[in-house]
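The values are calculated or read from the model by the stated rules, or taken from the named source; none is laboratory data. Here the structure is a predicted model, which is why all the values come from computation and not from measurement. Every residue, glycine among them, receives a Cβ derived from its backbone with ideal geometry; neighbour counts consider all protein chains shown. Side chains are part of the model used for accessible areas, which takes the heavy atoms of the whole protein and leaves out ligands, DNA and RNA. Shrake-Rupley method; radii C 1.70, N 1.55, O 1.52, S 1.80 Å.
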Amino acid sequence: MDHIISLIVFIAAFMVFIGLFSQSIQSAVAYQQHSGLSTKVSDLLDTMLLNPGENATWGTDGTTPSAFGLQAPEFTEYQLSPFSLMRLDCSTADMVEYQKTTPNIYYSSLESGFGASLVTPQAQEINYSKASMLLGINNTYAFQLTLTPDITIAINETCASSPLSLTMVASGTGFPLASATINYCLILVTLPQNQYPSYTIQSGAVTTDQLGIANVTFSSVVNPDQVYAFVAYGHLDGLVGVGYHTRDTSTSQYIVPIVENMTSQQVVLAHNYDLNDSNSPQASLNYNATFLISTEDYSLTTLSLGSPTNPGVVGTVTSGVGNPYSNVTLPTSTTGILIVTYQQGNTTQGGVVMMPWGISSLAFPVTFGANPAGQSWVATDIRQVTVGGVAYQARLALWSQTTQVTG
């Protein structure tokens, strides 16, 4: 009997030891996997950010790269190409259809607030599957890359007219941007009858208070229906952010700039009635399209799209089957903002729309890749980068697609 009891105790102790040892082994394996994933996410993030890819100019020439990288080819360190980022198939973009540019009729629409959008051809995008294959991690790891502006500038109307007053709130990552300089440009749109719309620019600079707040008043704006666009550049100690605000007098009709071809820099000016609708009613809008670039002192200046005496391109776009679209050609490798003012016939109804040429011109955020929600273990790493002179935070989330051990 004593031998039996001893054997039972021995077996019980052995089983407890095996259980404890197995748990320790499982924890060690989990730690090793998590440690390896943390190292991999750092290496992969640097691979994306510290090389321009192959070929280096794939962001602007429309070709498919044979190696994936987002660094600006003319710079070093953590400086990214605003045009390569334009070609990413962002997971936050919506799909739109525009049949007048057949066969490239499907586009991705990315918006970052009212009055500004970026619509790019899906046929020329680099999707997540392609990027994973070029990085050599397909079927092994999954990732999500996000680029978020370090500085945000929220702009609100405190008084709509008599005079127009705007309040700007500049914020960093979790803190107000105190004592920062904000250079602003007010684009005042004129909607004359029997002519094409036009605009003038008023520029200035203000300084934020300790709460990151600054106010500006325009005594010449007394009409509550005045159409305008307002762009602000906030900067402090080398960090630069962009904010904008627009006001229209038309909500039913507007013009949508669509990047038809990245290689030839062709941008279609489409009537919104033609989007996602092959049987749209006929309606016309007069427009004036110009291209603005930011100078070293953070003011906006016009870069000619037409003749030297008329830097803008004017015309009429009409919706409906059989009515051709209008287009403009933007400069190669020059970041800026396409400004399109539009007007409904001889009415005073119209507005202004902006399109960034280069993702950073209006500080659009970028989300590219898979969704990490629901994963048992996700490793992350961040870098501070600049995109076209604008400060961004790049964050990479990485997780394993093979069997995971939970510790």
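Close amide H contacts of W357 (hydrogens built in the peptide plane, cut-off under 5 Å, sequence separation of 5 or more or a different chain): G336, I337, L338.
How much FRET efficiency would the formula 1/(1 + (r/R0)^6) give for T251 and Q375, where r is the Cβ-Cβ distance and R0 is 41 Å, rounded to 0.05? According to the calculation, E is roughly 0.50. Whole-Hz Karplus values for segment 188-199 come out as 8, 9, 9, 10, x, 6, 6, 9, 8, x, 9, 7 Hz, taken residue by residue from phi with 6.51 cos²θ - 1.76 cosθ + 1.60 and θ = phi - 60°; glycine and proline positions read x.
A cut-off of 5 Å between modelled amide H atoms, ignoring neighbours fewer than 5 places along the same chain, links Y254 with N272, Y273. Structural descriptor for the chain: relative contact order 21 percent, calculated from alpha carbon pairs under 8 angstrom and at least 6 residues apart.
Solvent-accessible surface of the chain, taken per residue with a 1.4 Å probe and all protein chains present: 45 Å². Using a probe radius of 1.4 angstrom, the carbon and sulfur fraction of the accessible surface of the chain is 53%.
For the chain, the Kirkwood hydrodynamic radius from C-alpha pairs, put into Stokes-Einstein at 25 °C and a viscosity of 0.890 mPa s, yields a diffusion coefficient of 103 µm² per second.
Helix-only arithmetic for the chain: the sum of -39500 (n - 2.57) across DSSP H runs with n ≥ 4, divided by the residue total, places the mean residue ellipticity at 222 nm at -5500 deg cm²/dmol. Relative to the longest principal axis of the Cα atoms of the chain, helix 2-49 runs at roughly 30 degrees.
The Cβ shell under 15 Å around P224 holds other residues with a net charge of -2, Lys and Arg each +1, Asp and Glu each -1. The relative contact order of segment 61-114, computed from alpha carbon pairs under 8 Å that lie at least 6 residues apart in sequence, is 22 percent.
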